[in-house]
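Notes for the one structure printed next.
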Amino acid sequence: MTSENSSTDRTGLFDGVFARGRVVADDGAWLRAMLAAEAGLARALERAGLVPAGAGAAVTAAAQAGELSTADRAEIAQSSGQTGNPVPGLARVLTRKVADPVARSAVHRGATSQDIIDTAAMLLAHDAMDAALADLRTAAAAAARLAEVHHGTLMIGRTLLQQAVPVTFGVVAAGWLAGLDSAIEWLSFVRDTRLAVQFGGAAGTLASLREDGVRVKALFAEELGLGDPPLPWHTERLRIIDVGATAARACAALSKIARDVILLAQTEVGEVAEGGELAAPNGAVRRGGSSAMPNKSNPVAAIAILGCAKQAPGLLATLVAAAEQEHQRAAGAWHAEWQPLGHLLQLTVSAAAWARDLVTHLTVDEQRMAANLARAGGLPLAERVTALLGESLGGPAAHDLVAGAAARSAASGVPLRDVLLATPQFVQKLSEAGIGQAQLDEALDPAGYLGAAQAFIAAALDAHAQG
């Protein structure tokens, strides 16, 4: 029910950014999913003995989206405006396509329009989650490699967008890995446990099928590889919210990676750079190039991920708002789900495809990381120097003394070590505490102030391996 077109095959103006990877929720995908639902229902009805033998195969053969003519599609689209959804028109067209007149009784029997659209939505969600999971797993494997390879690659840590204490790029990548693994875990859980057929008929009782309704529902689920819910969920929309929420969670994990890359790839920082799969065949347009500035090399993959992910919260909010649905069939709220759900699924798949490209081909500049850390002049180790003096001088007094030296270092550009050793009060306190220059130099060595970084990296890699 999905197509594997690459981003270069897109016809939509913005599809290269927002529909990268597999197409899972365009009009064609919805149509294929609805036809698959109708075909699965016909096969279930045949297995239940409610329609003639061969009817299921006949409807399935007719339910090929590629067999629908332009006129058929136009008829379905036009009927949507007349009936409030495309299923009545779809059922009429499909019935005409069934060659055996006897088998036509299997088309849409016992179902209501919502049964077909909701089941189609579950099929779309399954395809989208499969597509996203494949790319997320590739991205996670790449993040694990980065964490392992760069477990000791020193860089400056940054909090509130300001330099903090030293970290390693391995810790950064391990954080990305943990987010990706969590996204994978929850997408897998929802795909495997929360996607279910919808089959309740006119008002959720399957009255037209009498005592056979429950059996047909179970067979319908089996035919489509979806869950068999205890009862229809026409106006109980938590499954839709679960799909949307896990998609939004994945987007959030990806946006963290993208934001880090954008910041680290800034010209003034230059600690990472994008590689990637997109290369211009004739070299006329470079990936990341600007229409105005030939020198530019923008982090396109990271930017595209954020472009996708920034839309996710609003789409999820619409799904949550639409979950309040009255009686046995909603008037408008159900309809409000269709496009936001499809958009959210497609954006998640696109963000995951971009992330696979981004993390797999990321270039890490270890020398630039080391240079940026050294350029800080020892200031990131001020906390450690404070702790060195703290026992003899007391925490607040040690903090104030080192803070004053740090301020002078930042203002003058003189390394913190030199400022400290030029401060009589500090030298005196070092002497009184029995602390020599060797101990001071050790305190100012960033490699010795990484705390549990290696343990955290190992834990993330272990959790990934066990997942």
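One table, with the values for the structure above:
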read-out	value
Residue ranges of helices (runs of 4 or more DSSP H) in the stretch 21-137 with at least 2 members without any contact (Cβ under 8 Å) to a residue 60 or more places away in the chain and within 30 Å of Ala301 (Cα to Cα)	27-47
Those residues of the stretch 414-436 which are surrounded by fewer than 12 Cβ atoms within 10 Å (Cβ to Cβ) and assigned to a helix (DSSP H, G or I), in sequence order	Pro424, Gln425, Gln428, Ser431, Glu432
Selection status of Val102, among the β-branched types (Val, Ile, Thr) and either in contact with a strand residue (DSSP E or B) (Cβ under 6 Å, 6 or more places away or on another chain) or open to solvent by 10 Å² or more (accessible area, probe 1.4 Å) (or both)	yes
When residues of the stretch 229-246 are limited to those that are of a type in the set (A, V, I, L, M) and over 14 Å from Thr205 (Cβ atoms), the one surrounded by the most Cβ atoms within 10 Å (Cβ to Cβ)	Val243
Qualifying residue in the stretch 371-378 (condition: surrounded by 12 or more Cβ atoms within 10 Å (Cβ to Cβ) and under 30 Å from Gly307 (Cβ atoms))	yes
Subset of the stretch 9-20 [assigned to a loop (DSSP other than H, G, I, E, B), open to solvent by less than 60 Å² (accessible area, probe 1.4 Å) and free of Cβ contacts under 8 Å to residues at least 24 places away in the same chain]	Arg10, Gly12
Flag if Leu444 is within 20 Å of Val167 (Cα to Cα) and in contact with an Asp or Glu (Cβ under 9 Å, 6 or more places away or on another chain)	no
Boolean, Gly40 is open to solvent by less than 40 Å² (accessible area, probe 1.4 Å) and farther than 18 Å from Lys217 by Cα	no
Qualifying residue in the stretch 149-158 (condition: polar (S, T, N, Q) and under 28 Å from Gly227 (Cβ atoms))	no
Test for Ala411: is it open to solvent by less than 70 Å² (accessible area, probe 1.4 Å) and not charged (D, E, K, R)	no
Where a residue in the stretch 320-332 is free of Cβ contacts under 8 Å to residues at least 12 places away in the same chain and open to solvent by 70 Å² or more (accessible area, probe 1.4 Å) and its partner, wherever it lies, is part of a loop (DSSP other than H, G, I, E, B) and not hydroxyl-bearing (Ser, Thr, Tyr), with Cβ under 7 Å and at least six apart	Glu324/Ala333
Criterion: in contact with a Ser or Thr (Cβ under 8 Å, 6 or more places away or on another chain), of a type in the set (A, V, I, L, M) and more than 19 Å from Thr363 (Cβ to Cβ) - qualifying residue of Ala131, Ala99	Ala131
Filter result for Arg191 (closer than 30 Å to Ala371 by Cβ, part of a helix (DSSP H, G or I) and open to solvent by 10 Å² or more (accessible area, probe 1.4 Å))	no
Residue count for the stretch 195-217, restricted to those that are surrounded by fewer than 20 Cβ atoms within 10 Å (Cβ to Cβ) and in contact (Cβ under 8 Å) with a residue 24 or more places away in the chain	6
Those residues of the stretch 140-174 which are assigned to a helix (DSSP H, G or I) and crowded, with 20+ Cβ neighbours inside 10 Å, in sequence order	Ala140, Ala142, Ala143, Ala144, Leu146, Ala147, Phe169, Gly170, Val171, Val172, Ala173, Ala174
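Rundown of residues vs (1) in contact with a helix residue (DSSP H, G or I) (Cβ under 7 Å, 6 or more places away or on another chain); (2) among the charged types (D, E, K, R); (3) assigned to a strand (DSSP E or B), yes/no style:
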{"residue": "Pro229", "(1), (2), (3)": "no, no, no"}
{"residue": "Arg239", "(1), (2), (3)": "no, yes, no"}
{"residue": "Val243", "(1), (2), (3)": "yes, no, no"}
{"residue": "Thr246", "(1), (2), (3)": "yes, no, no"}
{"residue": "Ala253", "(1), (2), (3)": "yes, no, no"}
{"residue": "Ile257", "(1), (2), (3)": "yes, no, no"}
{"residue": "Ile262", "(1), (2), (3)": "yes, no, no"}
{"residue": "Thr267", "(1), (2), (3)": "no, no, no"}
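The values are calculated or read from the model by the stated rules, or taken from the named source; none is laboratory data. The shown structure was predicted, so the numbers you read here are calculated from the model rather than taken from an experiment. Methodologically, a virtual Cβ is constructed for each residue, glycine included, from the backbone with ideal geometry; neighbour enumeration extends over all protein chains shown. With ligands, DNA and RNA removed, areas are computed over all heavy atoms of the protein, side chains included. Shrake-Rupley method; radii C 1.70, N 1.55, O 1.52, S 1.80 Å.
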